[in-house]
Amino acid sequence: MPLARTYSVALVGVTGQVVEVEVDIANGLVGMILVGLPDTALREARDRIRAAIANSGEQWPQRKITVGLSPASLPKRGSWFDLAIAVALLTAADKVPRATSQGVMFFGELGLDGRLRPVRGVLPAVAAAAEAGFAKVMVAEQNATEAALVPGVHVIAAGCLTGAVGWLRGAPGQPGDPPVAEFEGGQDLRRGRTPDGQRLAVGAYPGGHTGQTNGADVAAAPDLAELLGQSTARRAAEVSAAGGHHLSLLGPPGAGKTMLAERIPTILPRLDTTAALEVTAIHSVAGTLPPQVPLLTDPPFMAPHHTATKAAIVGGGSGIIVPGSASLAHRGVLFLDEAPEFATDVLDALRQPLEAGEVVVARLGMITTFPAKFTLVLAANPCPCAKMMGPAEGCRCSPAARRRYLGRLSGPLLDRVDVKVELEPVSRKELLNDRNFTESSRTVAQRVTQARERAAHRLRGTPWRLNAEIPGSELRRTWPAAPGSLAVLERCMERGQISARGVVKVIRVAWTIADLTGKPRPGTDECHAALGLWLGVRR
């Protein structure tokens, strides 16, 4: 029968959909026709596959070949259908037994010499294959450790088309070909090791930091104790990390805004297995997953430049939709340094993911959703010349210029920021005195972890784990503050200093402060402190 089927996966965002690859060989004009909404990279697969089959010692059928990708209405993009098409073609030509390719999912790009090259997005694709009931997947050797993160899947790692075909035939490959490795997915993740027996890397900060994998890395890692003279800012960062609250830092250059933001990931807990797989899947689709780090277990830190476009921040692109910095910072920190310098439409585009925890990108005939639960950190100077604050004031900016500069951060955006802090220049005396009071990231991280455990215990049985995620209605109904502690918020609402959304955020911050101090619920002191953080205070 000159008809054969194999299976692969098409990615729409970070969601995979099973694609059936059908190959029919019939009499007619010699050639290969590819149907099923392929893009340019996929249409070029005809020439790649033909050269790969010929250079692998196999015979190319000199007949009319029709390749169909189903569902036909789903756009197919990329080059990772090469292996599935090649195996289906050889199966239709009776060069490969039909039974061996049944129940196997194929991912991989073919080189002209038959080598199997790695592709991006293997983790979410293998997860989609497992959900669809496929027990075996064949991938390139470089993608094997990533595919092995999905439990319950038998991973077949091939280095070339010859080895893949030899495995399907049940015969060894040609001399000199790399051997085909097989292992069970998920077991290596539970043991904390890669399929080749090495220790599983714990993941570097994708924004440029180095993961703490050994003693040398720990010594070189940034530490919160390095920020001297800014005790209020350090406390605000601790509250932000403990509750997942967004943070705004206002101060002149050199006050420590960037230093503080870069050290927030060092006080965040390591990602659990579910969160680590989510983060790794996003970075795999974006192509930013380091080859030596199959699993990211450190919270990511993203710091895009202020010239970044809206698509670079929230995701998008022409043709292939890729995640932006907001999604790459999922379960981590998104730091916008010099925030007023970002385009207004870029900043306003963050409103929806700040509330919903996801980014929805709509294109003609396609809607893609990327997860985006991140902690936003904004840093800004007080005015364009940045000399407004401090004892040696030399600012010549007019009040109107200052308002225009900070007015680039819209009110609706700042209303979604839970903690606001103003930093002042630090004197030499303060730098010397504060050395005895600063705490290391390890010490602060322990308090943050304990606070998150208290919140998770209180929120057990609900879909939320952080105080910043609790809806306002549930907060008032199930977890109210102590009686009489909200009087100051009521007075602020009457004077128009705070909105209804702001009240909810203040109560969330008050719960985080209570969790950090070990109190069963926030009282008057916690509500006053949370209100001060929301309104913005100087140290």
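Every condition in (1) within 30 Å of VAL279 (Cα to Cα); (2) free of Cβ contacts under 8 Å to residues at least 60 places away in the same chain is met by ARG46 except one, and the failing one is (1).
One line per residue, one yes/no per condition, for (1) among the polar types (S, T, N, Q); (2) touching a Leu at 6+ places or on another chain (Cβ under 8 Å); (3) at pLDDT 95 or above; (4) over 18 Å from PHE342 (Cα atoms):
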{"position": "LEU268", "(1), (2), (3), (4)": "no, no, yes, yes"}
{"position": "THR273", "(1), (2), (3), (4)": "yes, yes, no, yes"}
{"position": "VAL285", "(1), (2), (3), (4)": "no, yes, no, yes"}
{"position": "THR288", "(1), (2), (3), (4)": "yes, yes, no, yes"}
{"position": "VAL293", "(1), (2), (3), (4)": "no, no, no, yes"}
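Each residue in region 14-56 was checked for being in a loop (DSSP other than H, G, I, E, B), under 27 Å from THR280 (Cβ atoms) and not acidic (Asp, Glu), and 1 of them qualify. Would you confirm whether or not region 236-250 contains a residue that is in contact with a strand residue (DSSP E or B) (Cβ under 9 Å, 6 or more places away or on another chain), acidic (Asp, Glu) and crowded, with 17+ Cβ neighbours inside 10 Å? No. Picking from residues in region 509-539 that are small (Gly, Ala, Ser) and in a loop (DSSP other than H, G, I, E, B), the one that is nearest to the chain's Cα centre (by Cα) is GLY536. Tell me whether region 453-471 contains one or more residues that are surrounded by 14 or more Cβ atoms within 10 Å (Cβ to Cβ), touching an Asp or Glu at 6+ places or on another chain (Cβ under 6 Å) and assigned to a helix (DSSP H, G or I). Yes, region 453-471 has at least one match. The residues of region 100-140 that are out of contact with any Leu (no Cβ under 8 Å at 6 or more places or on another chain) and in a loop (DSSP other than H, G, I, E, B), listed by number, are GLN102, GLY103, GLY111, LEU112, ASP113, PRO118, VAL119, ALA132, GLY133, PHE134, ALA135. Please tell me if VAL67 is in contact (Cβ under 8 Å) with a residue 60 or more places away in the chain, buried (at least 16 other Cβ atoms within 10 Å of the Cβ), aliphatic (A, V, I, L, M) and out of contact with any His (no Cβ under 9 Å at 6 or more places or on another chain). Criteria not met by VAL67. Within region 321-348, the set of residues being touching a strand residue (DSSP E or B) at 6+ places or on another chain (Cβ under 9 Å) and in a loop (DSSP other than H, G, I, E, B) comprises ILE321, PRO323, GLY324, ALA329, HIS330, ARG331, GLY332, ASP337, GLU338, PHE342. Restricting attention to region 72-99, the residues that are within 14 Å of ALA10 (Cα to Cα), part of a loop (DSSP other than H, G, I, E, B) and modelled with pLDDT under 95 total 8.
Please go through region 124-152 and give me each residue that is of a type in the set (A, V, I, L, M, F, W, C) and within 28 Å of SER56 (Cα to Cα), ordered by number. Quick ask: steps written out before the conclusion?
Let us first name the residues in region 124-152 that are of a type in the set (A, V, I, L, M, F, W, C), namely 125-130, 132, 134-135, 137-140, 144, 147-150.
Once the filter is applied, which keeps residues that are of a type in the set (A, V, I, L, M, F, W, C) and within 28 Å of SER56 (Cα to Cα), region 124-152 yields ALA125, VAL126, ALA129, PHE134, ALA135, VAL137, MET138, VAL139, ALA140, ALA144, ALA147, ALA148.
When the residues of region 425-450 are narrowed to those that are buried (at least 18 other Cβ atoms within 10 Å of the Cβ) and not in a helix (DSSP H, G or I), which ends up modelled with the highest pLDDT? Please lay out each step first, then the result.
Going through region 425-450, the residues buried (at least 18 other Cβ atoms within 10 Å of the Cβ) turn out to be 426, 438, 441, 444-445, 447-448.
Now narrow it down to the ones that are not in a helix (DSSP H, G or I): 426, 438.
Working: VAL426: 83, THR438: 87.
Filtering first and then ranking leaves THR438.
Among the residues that make up region 88-110, is at least one of them without any contact (Cβ under 8 Å) to a residue 12 or more places away in the chain, of a type in the set (Asp, Glu), surrounded by fewer than 23 Cβ atoms within 10 Å (Cβ to Cβ) and assigned by TED's automatic domain parsing to the domain that holds GLY36? Walk me through it before giving the result.
Taking region 88-110 as the starting set, the residues that turn out to be without any contact (Cβ under 8 Å) to a residue 12 or more places away in the chain are 94, 99, 102.
Applying the additional criterion that residues be of a type in the set (Asp, Glu) yields 94.
This time we only want the ones that are surrounded by fewer than 23 Cβ atoms within 10 Å (Cβ to Cβ), so: 94.
Filter once more, so that each one left must be assigned by TED's automatic domain parsing to the domain that holds GLY36: 94.
For region 88-110, residues without any contact (Cβ under 8 Å) to a residue 12 or more places away in the chain, of a type in the set (Asp, Glu), surrounded by fewer than 23 Cβ atoms within 10 Å (Cβ to Cβ) and assigned by TED's automatic domain parsing to the domain that holds GLY36: present.
Scanning region 485-508 for residues that are among the β-branched types (Val, Ile, Thr), assigned to a helix (DSSP H, G or I) and within 17 Å of LEU414 (Cα to Cα) gives VAL503, VAL504, VAL506, ILE507. Listed by first and then second residue, the pairs linking a residue in region 179-193 that is surrounded by fewer than 13 Cβ atoms within 10 Å (Cβ to Cβ) to a residue that is modelled with pLDDT of 85 or more, with Cβ atoms under 8 Å apart and 6 or more places separating them unless they lie on different chains, are ARG190/PRO151. Condition test on GLU494, is it among the charged types (D, E, K, R), in contact with a Lys or Arg (Cβ under 9 Å, 6 or more places away or on another chain) and not assigned by TED's automatic domain parsing to the domain that holds ASP223? Considered against the rule, which asks whether it is among the charged types (D, E, K, R), in contact with a Lys or Arg (Cβ under 9 Å, 6 or more places away or on another chain) and not assigned by TED's automatic domain parsing to the domain that holds ASP223, GLU494 comes out as no.
Is at least one residue of region 359-377 of a type in the set (Phe, Trp, Tyr) and farther than 22 Å from MET259 by Cβ?
Initial filter on region 359-377 (of a type in the set (Phe, Trp, Tyr)): 370, 374.
Imposing the further condition that a residue be farther than 22 Å from MET259 by Cβ reduces the set to 370.
There is at least one residue in region 359-377 that is of a type in the set (Phe, Trp, Tyr) and farther than 22 Å from MET259 by Cβ.
Quickly run through region 1-13 and pick out the residues that are touching an Asp or Glu at 6+ places or on another chain (Cβ under 8 Å) and outside any strand (DSSP E or B). Hit for region 1-13 is PRO2, nothing else.
Please list, ordered by first then second residue, the pairs with beta carbon atoms under 7 Å, 6 or more apart or interchain, first in region 272-283 and more than 13 Å from PRO294 (Cα to Cα), second at pLDDT 95 or above and not in a helix (DSSP H, G or I). Going by the 7 Å Cβ cut-off, the qualifying pairs are ALA275/ARG331. Out of ALA343, ALA326, ALA339, ALA356, one residue alone is within 12 Å of the chain's Cα centre (by Cα) and not assigned by TED's automatic domain parsing to the domain that holds LEU11. It is ALA326. Evaluation of ALA386 against the conditions (1) in a strand (DSSP E or B); (2) of a type in the set (A, V, I, L, M); (3) under 23 Å from LYS257 (Cβ atoms) shows that the sole unmet condition is (1).
The values are calculated or read from the model by the stated rules, or taken from the named source; none is laboratory data. All of these numbers come straight from a predicted model, not from anything done at the bench. Methodologically, a virtual Cβ is constructed for each residue, glycine included, from the backbone with ideal geometry; neighbour enumeration extends over all protein chains shown.
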